[in-house]
Amino acid sequence: MMRLPRTLIELFGLGLFIGMMAVGYYYNLTFIQLGLVDLGERGLGLSKAQVAAQMSVLAVVTCVTALACGVWMSRRGIGFVHKLRIAFGVILSQTLLTWLVQSITTPVQFGAWIVACSLALGIGVPATFGLAVDLVPVRRRGIAAALITASAYLGANLVPAAWTIEAFSAPLLWLMPAGVVGLGVLAFAPLPFVVDLARQHARPAFSIGRYTRQAPRRFVIFIVLMFGVFFVDSLGFLRLLDAPRFMEGAWQSAEIDPRLFIGITHVVAALIGGILYDALDVRELFYWIFGIFALTHLMYTFSVRSDLNNAPLAMPMLYATAVSLYTVVNFALWADLSTSRTIGRNVALGVAFSGWTATFLSTALSIWWQTGGMSLERHLNIVDSLAMVFFLGLIVLGLRPKHPEASESSVEIS
Amino acid sequence: MRNKLKRLPLIVTMALLLLGGCGEDGVFSGSLVLGGDLQIEPGLVETADVLLADGTVTIAEGATLRGDLYQMLGTLTINGTVDGNVLLYSGTLVVGPQARITGDLQLSSGEIWGDPEQAVAGTIVRGPQSGVFGPEWLQRSFARQLLWIAAQTSGLSLLAALMSLVFPRSLERVRLAIREYPAVCGAMGLLVLIVGLALVVQMLFTVLLIPLSLLGVVLLLVAAGLGWMCFGVLSSRWLAHCFAWNWPDALVAGIGTLVFVFAINLLALIPGIGPLLAIGSAVVGIGAVFQTRFGLRRFQAVER
């Protein structure tokens, strides 16, 4: 059989990764993060606290599953084709779970269904993120992450007309079966270019990430920073979700214009993030992310204090900018810290400890504060202060004299 | 001492350019309404520009406001005289039966009650303002437009020539950043603009930080100007190469900036693509200036 040129194979792999991750992230943003809340509160009549408890269960089970699966993948040295097969299984089960959502009628079924969703997510995270070292060359990781972020957020802002489980599941029931068929063919049919794709991870252009040689110390710092980003975002947004005046003219607007504006902001910010990720040290992006979060929450607290009736779109615009920037970093960073052998474990540690642990803790804290009667202004003030602490902490760390070993290792990489 | 003398023409030029920013009415004065009510009572004459960010402003029958009115949100009721222009970006504008606006009325969006046709002595411009040059600019005579372009172009080219004498390395660093990393500079410029403008507006709202906010605006303008100058230097190198000029660097920088800024100003007159080119080059320039910390360091992207 005729072999395809290497560039074409690379492009196909890049497209496959971007498409798969974009749909996966769209699923997570809409169906998981927003749809489950609607299903619990509107569909089953559960209280906010009960639904939040279920969401915490989701975060914990996903976190533990991802860790177990990631460590197992690294120990066993799971290769490209096996990762594809795991991803196929995950998407197949997620499609079935999405289809099953219509038949959930009791809280017990809801709980069991959430555990099943968490298991699929937990296995899916290291398997799909892990494909980055096989499919995305190091120099294209920023822009690939930008395209994933841009497509997922643009879709999430435009496609669901309402924040209901039905509106979220409808497009997924078209997208996911197509993904199942495509991945099934790639994972199980003996196609020659899949063999070529499976060999890519051995090439230096794919295998040596930007921070691979500095991994241990930097890895811990990045987990802490990403934890901070997820925590600040989640803690702030969970409270904004309950403030109709901030949501109805923006993310939850009945009109398309504000949602289109936010979607386009996500696209522009993601492209900015992708270009800057490839050109700058990632620490500089963290300055921007924490700085923008601090400014945005300051604007929200001003708006609360001034009791303005109309919240200007500048606030969601800045929020979307910060979110897109850190999502780009999240999609590119873990692969850049890993080799094909360590990617499963590193992604699991990174995403589990930063993403899911931050989500779990911020959800619990937000509910505790809300049930304790904390005002919106105070809540946002604390989030603002947290963002400022991280921002100033980074500046202080940046001013510290460089360790000779760190300088040497950076020379080695360049 | 020699260095100080060398910098004197630069300082004088910058001071002259800043003086050019002062209007014929002298120092700017204005009122910012963030909430609550501002009422100009009958018989009173207020002289100030007013920015209505939220709340209500009422100009009662028999009252006069000498200055321009900018409405972002809130409710503006005019039943007296506004000796200036009114710009409605959003919110509600009520034009009473006794209202009189001596200047123009520009309506971007928002609600309008009453009959503005009777009240406005100037023209009524409807629809969102777009592009670098709004309707006010287009209404100017062609000679005035050319005069403005010539003044801006010659000012910047003179500054570029002086900068290349006094700070040649800084100009070179920004020029290299633009030439070698246009996409990175564009991305950084956009980010600086998005966040910088929001920060400037937010500081304006605190009242206490208004001086810092103005400093931010000045920094952004200086960055945009410096960026354009470096685009000019970039084109001057190309021109020097094409025509085999063997002239002093300062002269080449001045001529390059003259050609570039004049071309950008002319292109900006073309609807659609023109303003985009002007804004795009300014964004890339701002990004390059920030990446090089105003020309203080060489910017190099990380290598793999």
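Neighbour counts of other Cβ atoms within 10 Å put A:HIS82, A:HIS297, A:HIS201, A:HIS379 in the fewest-to-most order A:HIS82, A:HIS201, A:HIS379, A:HIS297. As a length-normalised measure over Cα pairs under 8 Å and 6 or more apart, the relative contact order of chain A settles at 28 percent. Pull out the extension gain between A:HIS82 and A:ARG283, defined as 0.36 nm times the separation in residues minus the alpha carbon to alpha carbon distance; nm, one decimal. So the chain would gain 69.0 nm between A:HIS82 and A:ARG283.
Here r is the Cβ-Cβ distance between A:LEU100 and A:LEU392 and R0 is 51 Å; the resulting FRET efficiency, rounded to 0.05, is 0.60. Between the residues A:PHE237, A:TYR277, A:SER169, the greatest Cα displacement towards the positive end of the dipole of the range A:150-304, with unit charges on the Cβ of Lys, Arg, Asp and Glu, is found for A:TYR277. Footprinting exposure proxy ranking of A:LYS83, A:LYS48, fewest other C-beta atoms within 10 angstrom first, gives A:LYS48, A:LYS83. With the cut-off at under 18 Å, measuring from each backbone N in the range B:67-89 to a point 7 Å along the Cα-to-Cβ line of B:THR123 picks out B:84-88.
Just to verify a number: FRET efficiency for B:ALA48 and B:ALA263, C-beta to C-beta distance, R0 = 51 Å, to 0.05?
Details: r = 39 Å, r/R0 = 0.77.
Given R0 = 51 Å and the Cβ-Cβ separation, E is 0.85.
Taking the number of Cβ atoms within 10 Å of each Cβ as an exposure proxy, the fewest-first ranking of B:LEU239, A:LEU318 is B:LEU239, A:LEU318.
Place a +1 charge on the Cβ of each Lys and Arg in chain A and a -1 charge on the Cβ of each Asp and Glu, then give the dipole magnitude about the Cα centre in debye, rounded to the nearest 20.
Working: 27 positive and 21 negative charges, 258 e Å.
I would put it at about 1240 debye.
When Rg and the Kirkwood Rh are both derived from Cα coordinates, the Rg/Rh ratio for the range A:30-131 amounts to 1.03. Residue by residue, the range A:141-146 carries 3J(HN,Hα) couplings of 5, x, 6, 5, 4, 5 Hz when phi is fed to the Karplus relation 6.51 cos²θ - 1.76 cosθ + 1.60 (θ = phi - 60°); x denotes Gly or Pro. A simple spin-label model places pseudo-atoms 7 Å from Cα toward Cβ; at A:LEU8 and B:LEU221 they are separated by 5.7 nm.
Projecting the Cα positions of A:LEU186, A:PHE246, A:HIS379 onto the charge dipole of the protein assembly as shown (unit charges on Cβ atoms of Lys, Arg, Asp and Glu, taken about the Cα centre) puts A:LEU186 furthest along the positive direction.
Starting from 0.36 nm per residue, how many nanometres of slack lie between B:LEU209 and B:ALA183 once their C-alpha separation is accounted for?
Details: separation 26, 0.36 × 26 = 9.36 nm, distance 3.31 nm.
Gain in length upon complete extension: 6.1 nm.
Compactness of the protein assembly as shown was expressed as the Cα radius of gyration divided by 2.2 N^0.38 Å, which yields 1.07. The orientation-averaged projected area of the convex hull spanned by the Cα atoms of the range A:166-295 comes to 12.1 nm².
In this Cβ point-charge picture (+1 for Lys and Arg, -1 for Asp and Glu), the protein assembly as shown has a dipole of about 3540 debye about its Cα centre.
The local environment of B:GLY96, defined by Cβ-Cβ distances under 12 Å, has a net charge of -1 under the rule Lys, Arg +1 and Asp, Glu -1.
A short reminder: the numbers here are calculations on the coordinates, not readings from a lab. Note that the structure is predicted; figures quoted are calculated from it, not measured. So basically every Cβ, Gly included, is an ideal-geometry build from the backbone, and we count neighbours across all protein chains shown.
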